[in-house]
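See below for the structure under consideration.
Only the coordinates and a few stated rules stand behind these numbers; no lab work does. Computed from a predicted model, the values in this text were never measured in an experiment.
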Amino acid sequence: MLRLGLLIALMLMLSSTSVLGQSATRLTPLVVDGERYFKLQWEAADHNGRPEVRGSILNDYGFPAQKIRLLVESLDAAGGVTAQTIGYVGGELTAGKRAYFEVPVPVRAPSHRVLIFQYEWLQMGGGDSTRR
């Protein structure tokens, strides 16, 4: 049972990274067109007493995608960014399908914003996938 607890803790540490609390450098998405291809819905929640942002992502484009990373920004009451966290959407997200995500955030915030940070298209028959 202890081994399972350690495995879960390690997975949580690897599944998200908080940035802004440690430095003044702000992350920006590595793609500029993510909202064109994906639709996001999210809400603030608690998981075992810890804050998180959870929601879903819909692949609204014609190709499957993989290695999807989300940028979760914690916002203060004025809309300023107080923390940033990178979360991962596991596996392949085929066209027209929805996947669910849960991203632990460092502290509770008045609101959050979720952006597409990075993804790769899987194009069949051409050999390599296209990185975005």
**Fill in**
Of every Cα-Cα pair in segment 34-132, the percentage lying beyond 21 Å is 35 percent
**Request:** Multiply the residue gap between Y100 and F63 by 0.36 nm, knock off their C-alpha separation, and tell me the result in nm, one decimal place.
**Result:** 11.5 nm
**Item:** Cα-based convex hull, segment 29-82, per residue volume (Å³, whole number)
**Value:** 119 Å³
**Prompt:** Could you give the length gained on full extension between D46 and E92, defined as 0.36 nm per residue of separation minus the Cα-Cα distance, in nm?
**Reply:** 13.9 nm
